[in-house]
Every structure is written in structure tokens, then in C-alpha cells.
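Okay, so here's the structure we're looking at.
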Amino acid sequence: MANSYGKLSAEVYEIDKDIDRPYSDVDYYYERLKDVRGKILEPAAGNGRILIPLLEKGLDIEGFDFSEYMLALLKENCRKKGLDPKIYQLDMTNFSLDQTYEAVIVPIGSFLLLDELEKAMAALTCFYQHLENNGKLILDIFLPESFEKGFVGERIFTNAQNDLITLEEKLVKVDPIKQVITYHNRYEKYQEGKMTESELEIFPLKWYGVEEFRLLLEKVGFKDIVVSADHHFREYPQNNSQTITFEATKIIE
């Protein structure tokens, strides 16, 4: 997954995606999972923005991430909340856990960081293998906002120590054959007006058509696939600005 979510990137994510803020997708995922009585797995759990509120609502959820910096944030955020879920450092394209789950969830488009079709299929296969019979996969994707290369924007963040962190985003490559866009994200941290750290993040995102992704799920073996837009269950997408959620079931007859 390239070199996504290094130290500064994770710090900015923690500021930008504060776990104590309300998020509509948390409500959606809880509504879809509230009747689950078994275990739930969240690959690419990040800082716990989804995992922690679902735990607090009583769901039995575990998580993993590939980034050591994201894992550190996740563990610390759980500790602050008095929570102690099972957390692993794993690669979603090639993981093996000694149990199955009633649901696997991949919110907020994290799946799109898998920038090759082979990686995507490997991950979907891992999800399928770790589901119980009649278990569900719920996964978000989205389409690129723009295909125009060049400067995208600059944002400024302030951490708890009043350090400034700047983020400059550039779209540097569009590959219409592999369906991948690549950003270069430049992070710089300033303390008392002096730059103390910098980081270049290569950030690829793959995109899929709605029915294309349905076919990939079917190829892995999933059935009863439901497509929803902007976290409105069964409302089919109408434009390319919407978040697209797939809910698919593992059914072995």
C-alpha cells in the first residue's frame, strides 16, 4: 500500500478525524451491525474512528492496521476510553487469524489504497475466508473528485502542543488503464516558526465502477450483494460524488 500513513500523516489524520466527533457513517454501520451477536473485524482500522464508537455501543469488534503509527494511535485512543479490544498489525491482502467473524467492515474507502487489482482480489479473498457462513462484508468505495493533474490544495493543522503541520496535496499521475490516481502529499511540521520534520507520502487510490466491483465480489464467492449510496441503504448511486457502500454475504449451501 505504498508508504501511506507515516508519522506525520497519522498525526494529521488524528487531528482531522477526531474520534470524539460525531460521524454519520458510524450511525450507518451501527444500524447495519446492531443485530450481530458474534465478532466483527475491521481491517485498516486507523485511529479507531469507527471501531471505538461501535465498541462503546456494545459490539464485539477487533481491528488491525498495517501502519505502526496508526496502530499506536488506535491503542492509545482505546486506552483513554478504557477499552481493550484485540488489535493486530496485519496486511489486509495477506492475513490469517485463527477464527472467523460474523461481519467484516472496511469503511471510508480504505480499500482503495490497494492500488493493484491482484491486491484487491487477495484482500477480498481474505475477507471471505474469515467470515462465518452467512457472515457479511460491508465496504465503502468512492470515485475520484478530479482527474486533473497538478496542485490540489494546502491545509494547515495545529496539534495539542500548538505545533503547525502543513499538508500540500498534488495529483501527480492518472492511470486510466489501471484505474489509479496517485497523489504526492507533503507534510511539514513547524515549532516556533522553524520546520522540524517533513514527510512525503505517496498516496495511490484505485477506482472502480459500481457494477465492476459487484462482479469482483461475485467472483470471490459473495452473494446477495446490496449497493447503497451515501449510507442510505438500498439507494442506488446517482452521481460520482457519492460514497458507495457494498454489503455482501458469504453463503455456503
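Across region 204-220, what is the number of residues that are in contact with a helix residue (DSSP H, G or I) (Cβ under 8 Å, 6 or more places away or on another chain) and either surrounded by fewer than 16 Cβ atoms within 10 Å (Cβ to Cβ) or among the hydrophobic types (A, V, I, L, M, F, W, C) (or both)?
Counting residues in region 204-220 that are in contact with a helix residue (DSSP H, G or I) (Cβ under 8 Å, 6 or more places away or on another chain) and either surrounded by fewer than 16 Cβ atoms within 10 Å (Cβ to Cβ) or among the hydrophobic types (A, V, I, L, M, F, W, C) (or both) gives 6.
If Gln242 satisfies all but one of (1) assigned to a strand (DSSP E or B); (2) open to solvent by less than 70 Å² (accessible area, probe 1.4 Å); (3) out of contact with any Gly (no Cβ under 9 Å at 6 or more places or on another chain), what's the number of the condition it fails?
Looking at each condition in turn, Gln242 falls short on (1).
Out of Leu200, Leu171, Leu217, Leu205, which single residue is in contact with a strand residue (DSSP E or B) (Cβ under 9 Å, 6 or more places away or on another chain) and either in a helix (DSSP H, G or I) or among the acidic types (Asp, Glu) (or both)?
Leu217
Could you list, ordered by first residue, the pairs with Cβ atoms under 9 Å in which the first is in region 3-29 and farther than 21 Å from Ile165 by Cα and open to solvent by 20 Å² or more (accessible area, probe 1.4 Å) and the second is among the basic types (Lys, Arg) and at pLDDT 90 or above, at least 6 apart or interchain?
Tyr23/Lys17; Tyr23/Arg49
Name the residue, out of Tyr28, Tyr101, that is at pLDDT 95 or above and touching a Gly at 6+ places or on another chain (Cβ under 9 Å).
Criteria check complete, one pass: Tyr101.
Assuming Glu199 fulfils every condition listed in (1) in contact with a Leu (Cβ under 8 Å, 6 or more places away or on another chain); (2) open to solvent by less than 60 Å² (accessible area, probe 1.4 Å); (3) more than 23 Å from Ser67 (Cβ to Cβ); (4) acidic (Asp, Glu) apart from one, which condition is it?
Just one mismatch for Glu199, condition (3).
For Glu212, only one of the following conditions fails: (1) assigned to a strand (DSSP E or B); (2) on the phi < 0 side of the Ramachandran plot. What is its number?
Failed condition: (1).
Take region 54-71 and flag every residue that is out of contact with any Leu (no Cβ under 6 Å at 6 or more places or on another chain), without any contact (Cβ under 8 Å) to a residue 60 or more places away in the chain and closer than 24 Å to Ile202 by Cα.
Result: Glu68, Leu71.
Can you pull out every residue in region 133-154 that is outside any loop (DSSP other than H, G, I, E, B), modelled with pLDDT of 90 or more and either open to solvent by 80 Å² or more (accessible area, probe 1.4 Å) or touching a Pro at 6+ places or on another chain (Cβ under 7 Å) (or both)?
Selection gives Asn134, Asp140, Glu154.
Conditions: (1) surrounded by 13 or more Cβ atoms within 10 Å (Cβ to Cβ); (2) touching a residue at least 60 places away in the same chain (Cβ under 8 Å). His184 meets all but one. Number of the miss?
Of everything listed in (1) surrounded by 13 or more Cβ atoms within 10 Å (Cβ to Cβ); (2) touching a residue at least 60 places away in the same chain (Cβ under 8 Å), His184 misses just condition (2).
Among the residues of region 18-45, which ones are of a type in the set (Val, Ile, Thr) and on the phi > 0 side of the Ramachandran plot?
Listed by number, the list is empty, since nothing qualifies.
So which residues in region 227-253 are among the hydrophobic types (A, V, I, L, M, F, W, C) and under 16 Å from the mean Cα position of the chain (by Cα)?
Result: Ile244, Phe246.
Does Gly63 meet the test of being crowded, with 23+ Cβ neighbours inside 10 Å, more than 30 Å from Ile177 (Cα to Cα) and within 16 Å of the chain's Cα centre (by Cα)?
Taking the combined requirement at face value, the residue satisfies it.
Do you know which of the residues in region 32-53 that are free of Cβ contacts under 8 Å to residues at least 40 places away in the same chain and open to solvent by 60 Å² or more (accessible area, probe 1.4 Å) is nearest to the chain's Cα centre (by Cα)?
It comes out as Lys34.
Identify all residues within region 112-124 that are in a helix (DSSP H, G or I), within 17 Å of the chain's Cα centre (by Cα) and not aliphatic (A, V, I, L, M); write none if there are none.
Within region 112-124, Lys119 is the sole residue that qualifies.
The values are calculated or read from the model by the stated rules, or taken from the named source; none is laboratory data. Computed from a predicted model, the values in this text were never measured in an experiment. Cβ atoms come from the backbone with ideal geometry, glycine included; neighbour counts cover every protein chain shown. The area values use the complete protein model at the heavy-atom level, side chains included, leaving out ligands, DNA and RNA. Shrake-Rupley method; radii C 1.70, N 1.55, O 1.52, S 1.80 Å.
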